[in-house]
Amino acid sequence: MKFTVPVKDLAQALGRISSAIPQRSPMPVLENVLLQLEGSMLSLTATDMDITMTTTLEVRGERNGALLLPARRLVDTVKALEMGEVTLDADLNSKRTLLNTSSGEYRLSGMDAAEFPQLAAFNPTITITLPSAKFGGMVDRTSFACSTDEFRPAMTGVLFQFRPNEIRSVATDGFRLVRVIDHEMQPQVSDNVDVIVPPKALQLVHKAFGAEQMTLEANSTHVRFTDGATTITARLIDETYPNYESVIPQANDKRMVIRRDDILGSVKRVSLYSNSQTRQVRLKLGGNALRIQAEDVDTGGEAFENVPCDYSETEMEIGFNSQFMREALDRIEADEVAFDFSTPLRPSLISPYGKSNGQEVLMLLMPVRLNS
Amino acid sequence: MPIIHRLPESLANKIAAGEVVQRPESVVKELVENSLDAGGTEIAVITRSAGKSLIYVSDNGKGMAEEDAIVAFERHATSKISTQDDLDRIMTLGFRGEALAAIAAVAQVELKTRQAGEELGTLVRVENGKVMELSKTACERGTSIAIKNLFFSVPARRKFMKSNATEFKHTVETMQRFALCYPHVSFALSDDDTIALNVKPSGLEDRIRAIYNQEMLNALLPFEASGDGITITGYIGRPNFARKSKSDQYMFLNGRYISSRLLSHAIFTGYEHLMDAQSYPPYVLYLEIDPERVDVNVHPTKSEVKFDDENGIYQMLQQGTRRALSNHNLVPAMTMPPQETGEGVLAALRFALPTHDRAEPFRTVPASPSPSGISPSGTSASGSTGNWRDPQPPMPNRNREATAGVGKDVLEQLFGNPNYATTPTQSTTQVPGSEAGVTFQQQVRSVEDAEHEHRLGLWQIHNKYILSQIRSGLMIVDQHVAHERILYERAVKSMEAAMPMSQQLLFPLELATNPAEFALIRELRNDLTGLGFDIALERGEKVMITGVPNDVRAGQEAAILRELLDQYEEYHQMGKTDQRDMLAASFACRAAIKAGDPLSEREMLDLIEQLFSTTMPYVCPHGRPIVIRIDLGELDRRFGRTS
């Protein structure tokens, strides 16, 4: 295998896939990058078995072939090279590989490409073209709420529901839930398709994709995202997602409308004084005012802030994990937000108040029972 | 014909002997007590066949005149008391006047005694309770008495004697008690020419070293408590030296060994949760109480005692124990045997004590209450320390340092200059220039400053231990037990609150149970709610969890509840009774992060920060150490840096 390529191009391509290279893997072979050259098309592949990322670039090819090269060393070397061209010349028998630049040469030894795990053939049942930014926004608003509990695998992923005229993304960890419904992206599927995608794949998509449009393909076991030269293929989480619609309350009748920046800032400041473990804050509502309180009996810290709001229902007190509140509020793009409460032990809803951008965002928070 | 008649004296004595003389050890005990009551300062005990064929006790006490020597063998004959008042104010070990008569009833006895100022002594030989010989003899001042063929006239008793080794073991234990109780008296004990004990008059410290070894000495902390006419002095063991048997527990009341379940329980509870129920802290304690206020005449062997104010003594012991423990650095430092070099060194790593403690003169109680000490009430300040706060939130914690009480002091003792010890010491291993009173926080800070701004000086190794550089060297924390301690204290606190916090769940967790588990959950439901588990019981033994404690690992709630119940059952079977305590311990054990859980630097900092705001950051609820320290001096020495 031999090719010549501008250092800049190779560095960019390696940079794209580098986050898919496992740092430390029980299978050392996965710490390599697979290089495959056919004519003038070089493809680079990295995988951790669950997620596989491939990117291609144009090179001046001289000799076709495939080889594994140690990923860290290759990435670090190419990143550090001076601008100009680099020629990679690999002897496929000895696996000795030479990187030649105008100023010197770098010798490293590779491994047989056959040792790399074979990727299963992928036959998509649906193919959808999406605007990258919008899809990224959905991912951003949901994936933070995923569970990390390996014992409830379904909840460790983001649920995507493709309907003929909408896309939904849902995430929950049992303490909070996010549902985003986009009415503008028309997936044009004939059937309902539900997939649970591991958040790591979504992060990679978010990081590596820059084009305006992207393609999403899926079947019952895998999902593939394609952005021009780069594809990310991920194994789906093969589990049944909990029936989330049934836990979203329909009759929360106590509404508070408040400026998002006000409440977010207050929660951030007051929660500094909450217990570092429980992060709990107390909300007291009544007479068009919200009082946010926190205390930490361990250190003796205590704080409160009063925030004006629209609330004319009966007075109530409710506790939340401030971390959850911040994470939810951080991801709502609106000047004002609406909180819909029922009782201090029932789920509360947060949503943007006012005009929406075609996406319907709903955040659900489970309260913390307060100690009286 | 009357069928009730008075027993002949010899038979009555034999019956009494059944109570007083049970085995060779009880003979030794009675005779040595006599020697001590006679003012002997050199007491030798020689036995053959563990005392079955011969027990010989000699002393250099005041001896007896001839007429006394004969009367001594009669029942209820004693020189030690004469009036009711004397009985109410017993100052001597013996007083019932039973022992010699009882022994003489079941063995052949030969007594030689001479008082100072007399030329010849008296020899009395008694067999089966009858005086067989009475004559003058040449002998040393004091009394010597030989008991031959114990139980020769009571075959039933003889049969019940155990093997020589067992019988002798009892004798050794008794002699050790005397030796500990009377350090100014020299004691010797040998059996068939094997010397088992030979101690010269000394201070208590040397006596302990002579009976045990230096290590035992290092394991002890001075104990002192007094009030209301009661004085208690002595030593208690460090928690990590707890034994699995009670054999190293010694309590002496007015010079008499006593055993009292109540009082040893007082000490045990003083350790709070520093050790588990199967462990027994070693202790040597001396109670001095006005004899009028105690009744030792409960049982002929006099090891059971009644007090007029048991509660008062209980409190004194419990609080004194707490105080002794909190006054001392309980973090075990690690040292290696100095003679070891080379490869065996790592294998030889073992617990030992901070060098400064060792250098402390043993008998002295820390005079200048070590840097401001811990309030004598001994009650720890929960959640006090304002130290160890992470630098990020600009909280007013630093102001609290001045008033933070215990936390700060403990930290100072832990990590401050070990030279705080009360007397000039030869703690040569100490790093020169370490400053007194540096809190852990400051130490970490200084480490930070010295290195990169963003490093906190915390490392996790093998996802199991947290390493931290501290001023005096290296600190190692076991992450699981550290978290366990934190959760335990929080759980106890939480159960006391009327309505504890509970994170409500969106999807209630279902816990399938069998009828027994269901019943257990129903029984414990209130306290489980106290921990933060909101539970609904449904038909068909279905348990729905609708709320969980805030501090359990997300997603593990159901598993933790189930394990908690198992653990609770286990504790229950081990005989623990305090329901809440068991629940708290079970919860802490199951909910704590495990060895193998990777932690971020942030999490490590939080963990250690919280650990040092617990009341007892050194030992987990099961008695395992949480923190180990390796002094820089020790490291220096290992690397050959010490001159």
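The values are calculated or read from the model by the stated rules, or taken from the named source; none is laboratory data. Keep in mind that what you see is a predicted model, and the values were worked out from it rather than measured. Cβ sites come from the backbone with ideal geometry, for glycine too, and all protein chains shown count toward neighbours. Surface accessibility is based on the protein's heavy atoms, side chains included, excluding ligands, DNA and RNA. Shrake-Rupley method; radii C 1.70, N 1.55, O 1.52, S 1.80 Å.
Just a few scattered comments:
- Taken as Cα centroids, the stretch A:26-72 and the stretch A:77-115 sit 13 Å apart, rounded to the nearest whole angstrom.
- Taking every residue in A:360-368 and counting other chain Cβ atoms within 10 Å of its Cβ, the average works out to 2.
- Per residue, the accessible area of the stretch A:2-115 comes to 49 Å², computed with a 1.4 Å probe over protein heavy atoms only.
- Label-point gap, in nm, between residue B:42 and residue B:202 - each point 7 angstrom along Cα→Cβ: 1.8 nm
- Measuring heavy-atom accessible area with a 1.4 angstrom probe and counting protein chains only, the residues of the stretch B:582-610 that give up at least 10 Å² relative to the chain alone are B:606, B:610.
- The Cα atoms of the stretch A:136-201 define a convex hull whose projected area, averaged across directions, is 4.4 nm².
- Counting only protein heavy atoms and using a 1.4 Å probe, the accessible area of residue B:620 comes to about 0 Å².
- Computed FRET value (nearest 0.05) for residue B:136 with residue B:6, which takes r as the C-beta separation and R₀ as 30 Å: 0.25
- Extension gain, residue A:220 back to residue A:317 (0.36 nm per residue minus Cα-Cα distance, nm): 30.4 nm
- Counted by Cβ distance under 15 Å from residue A:284, the other residues give a net charge of -3, where Lys and Arg count +1 and Asp and Glu count -1.
- Within the stretch B:200-275, the proportion of Cα pairs with more than 18 Å between them is 46 percent.
- Applying 1/(1 + (r/R0)^6) with r as the Cβ-Cβ distance of residue A:82 and residue A:62 and R0 = 25 angstrom yields a FRET efficiency of 0.65.
- Positive minus negative residues near residue A:367 (Lys, Arg vs Asp, Glu; Cβ under 11 Å): +3
- Protein accessible area in the stretch B:116-183, 1.4 Å probe - carbon and sulfur %: 53 percent
- Potential lengthening between residue B:463 and residue B:160 on full extension [0.36 nm per residue; Cα-Cα distance subtracted]: 103.4 nm
- For the stretch A:126-245: accessible area per residue (Å², 1.4 Å): 40 Å²
- Helix-only [θ]222 nm of chain A, DSSP H runs n ≥ 4, -39500 (n - 2.57) each, per residue, nearest 500: -5500 deg cm²/dmol
- Kirkwood estimate for the stretch A:126-245, i.e. one over the average of 1/r between Cα atoms, Å: 14.2 Å
- Distance between modelled label sites at residue A:207 and residue A:165, nm, 7 Å Cα→Cβ extension: 3.9 nm
- The Cα trace of chain A gives Rg and Dmax of 25.3, 80 Å, the first to one decimal, the second as a whole number.
- Fraction in percent of alpha-carbon pairs per bin - 10 Å, the stretch A:2-115: 15, 52, 30, 3
- Residue-count net charge about residue B:589 - beta-carbon cut-off 9 Å; Lys, Arg +1, Asp, Glu -1: -1
- A cut-off of 5 Å between modelled amide H atoms, ignoring neighbours fewer than 5 places along the same chain, links residue A:319 with A:283, A:368, A:370.
- Using a 1.4 angstrom probe on protein heavy atoms only, the contact between A and B buries about 2900 square angstrom of accessible area, both sides summed.
- Within the stretch A:340-372, backbone nitrogen closer than 20 Å to the virtual label 7 Å beyond the Cα of residue A:302 toward Cβ: A:370-372
- Accessible area per residue in Å² at 1.4 Å probe, computed on the stretch B:517-561: 38 Å²
- In the stretch B:495-530, the residues whose accessible area drops by at least 50 square angstrom when the other protein chains are added to the isolated chain are B:499, B:501, B:503, B:504, B:506, B:507; the probe is 1.4 Å and only protein heavy atoms count.
- Cα-derived Rg over Rh, computed across the stretch B:495-571 with Rh taken as Kirkwood radius: 0.93
- Stokes-Einstein D (µm²/s) once Rh is taken as the Kirkwood radius of the stretch B:205-326 over alpha-carbon pairs, at 25 °C in 0.890 mPa s: 168 µm²/s
- Calculated FRET efficiency for the pair residue B:228/residue A:154, C-beta based, R₀ 56 Å, to 0.05: 0.25
- Computed over the stretch A:202-333, Kirkwood Rh from alpha-carbon pairs, angstrom: 18.4 Å
- Selection from A:155, A:286, A:183 lying farthest towards where the dipole of the stretch A:154-294 points positive, charges on Cβ: A:286
- Peptides A:320-332, A:235-247 ordered by average Cβ neighbours within 10 Å, highest first: A:320-332, A:235-247
- Whole-Å semi-axes of the stretch B:1-74's equivalent ellipsoid (Cα gyration tensor): 29, 18, 9
- If only the Cβ of Lys and Arg carry +1 and only the Cβ of Asp and Glu carry -1, the dipole of the stretch A:2-115 around its Cα centre is close to 200 debye.
- Computed from Cα positions, the angle between helix A:7-18 and the longest principal axis of chain A comes to roughly 50 degrees.
- In the stretch A:145-182, the residues that give up 50 Å² or more of accessible area when the other protein chains are added, compared with the chain on its own (1.4 Å probe), are A:152, A:175.
- The share of accessible area on the stretch B:495-643 that comes from carbon and sulfur is 49 percent, using a 1.4 angstrom probe.
- Carbon + sulfur, % of accessible area of the stretch A:1-47 - ligands and nucleic acids excluded, 1.4 Å: 51 percent
- Nearest 10 degrees, 0 to 90: helix A:260-271 Cα axis against chain A principal axis: 90 degrees
- For the stretch B:128-237, the Kirkwood radius over C-alpha pairs fed into Stokes-Einstein at 37 °C and 0.692 mPa s yields D = 185 µm² per second.
- Were the residues from residue B:569 through residue B:600 laid out at 0.36 nm apart, the gain over their Cα-Cα distance would be 7.8 nm.
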